[in-house]
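The values are calculated or read from the model by the stated rules, or taken from the named source; none is laboratory data. Remember, it's a predicted structure, so these values are computed and weren't measured experimentally. Every residue, glycine among them, receives a Cβ derived from its backbone with ideal geometry; neighbour counts consider all protein chains shown.
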Amino acid sequence: MSDIHRTIEAVWKIESTRLIAGIARVTHDIGIAEELAQDALVAALEQWPEEGIPAKPAAWLMTAAKRRAIDALRRGRMLEQKHGELAREIEFQQQQLAAAMDNALDQVIDDDVLRLIFTACHPILAMEGRVALTLRMVCGLTTAEIARAFLVPEKTLGQRIFRAKKTLAEAHVPFETPRGEDLRRRVESVLSVVYLIFNEGYTATSGDEWMRKELCDDALRLGRMLVELLPNEPEAHGLLALMELQASRTAARRGRNGEAILLLEQNRSL
Amino acid sequence: MRFMMIVIPKGYETAAPDTTPKPEDVARMMEYNKALQKAGVLLALDGLHPPSSAVRISYTDGKPTLTDGPFAESKEIIGGYWIIQVRSREEAIEWAKRAPMSNNEIIEVRQMFEMSDFPEDVRKAAEGFEDIPNATAAKK
């Protein structure tokens, strides 16, 4: 990979989550949002090597994606009857207003990224689908990177992601942050995804250690994001603390001959 | 991978001992710090008192000699740092590019050693190091 491509990939790692989340606010479908974001990335890969990395890459990517989003919406609208289109427009605007007022009243966390995380970790998805979507959309990993980390062929992982998006779309899972009693259950769902990712990295055997250890770092990163987004959820703080404790014990996990040592047997005096 | 983003502010080498950052600079920095935090990459950040209140220790055959700051011959002084955890050197550089630095400030991006970077004999010698409190990623 050339220097510029590595740099663009780094920019993507930084910007993609907020980009997808921001687009999803418009499309209400994280699968479509991700595709539009990927379109923006393709445009970036085409233009940035020529023009240089823009001063504000986030804004550039969002503009590129929104342009395509509006095009897609227009194309969808053009297939409808004119009066139907108008009625939907008005209804949509009214819903927006009502939603904004609802949020203000319930003091629900109004953050697109949080919505994205909750949606990607939705309990309707199989665990492997939640993990794949989260690593892809919230951590900005490529399909290849996720496939390598989970020791599956790239094609298999691509299908996993495709199926997960399809399930969300077909079930009309709304792009929203759960509220009230549902919030607790959904937070648990998110944290279990994060912990599973961490464990995959933590229990990696020596053959694939380096690649899979990075999963621990990805899980820690997710944990930190969640503590920021859900500061009043003690479980989020607890999970982060647990993961950091376990990660710091990594050095003690290898015996003299590289064999794995169970946590119980580790030399606690170290 | 962990990286330290070291801030080298020109002029800090002659700053008075009671120098503190300006509120508007701090405000500008807080937005960046929040972005690092929200992205889940921030491990630690600190500002350092100027060298005028610092002390340098040099060693001759194990015998230490103290010199009080400021240090006339030092042209580049560390003003502060961030420690971030990212997936690649390029990502660390991209974050550093986004830092709201003024014209007379430089950021140096340095990778931090992980235990896995070291050969077996070095790791053996360092056995137990990772479990010293705060020796690993600081929690902010």
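Data for the structure
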{"quantity": "Segments classed as strands (runs of 3 or more DSSP E), wholly inside the stretch B:1-98, with at least 1 members that are in contact (Cβ under 8 Å) with a residue 24 or more places away in the chain", "calculated": "B:2-9, B:42-47, B:80-85"}
{"quantity": "Those helices (runs of 4 or more DSSP H) lying entirely in the stretch A:168-259 with at least 1 residues at pLDDT 95 or above, away from chain B (no Cβ under 11 Å) and buried (at least 16 other Cβ atoms within 10 Å of the Cβ)", "calculated": "A:180-202, A:234-248"}
{"quantity": "Residue under evaluation residue A:267, criteria (1) at pLDDT 95 or above; (2) not in a helix (DSSP H, G or I), criterion not met", "calculated": "(1)"}
{"quantity": "Candidate set from the stretch B:1-56 (those that are polar (S, T, N, Q) and closer than 21 Å to residue B:94 by Cα); member that is farthest from the other protein chains (Cβ to nearest Cβ)", "calculated": "B:33"}
{"quantity": "Enumeration of residues in the stretch B:29-59 that are surrounded by 15 or more Cβ atoms within 10 Å (Cβ to Cβ) and of a type in the set (Lys, Arg)", "calculated": "B:38"}
{"quantity": "Hey, residue A:130 part of a helix (DSSP H, G or I), of a type outside the set (A, V, I, L, M, F, W, C), at pLDDT 95 or above and touching a helix residue (DSSP H, G or I) at 6+ places or on another chain (Cβ under 6 Å) or not", "calculated": "yes"}
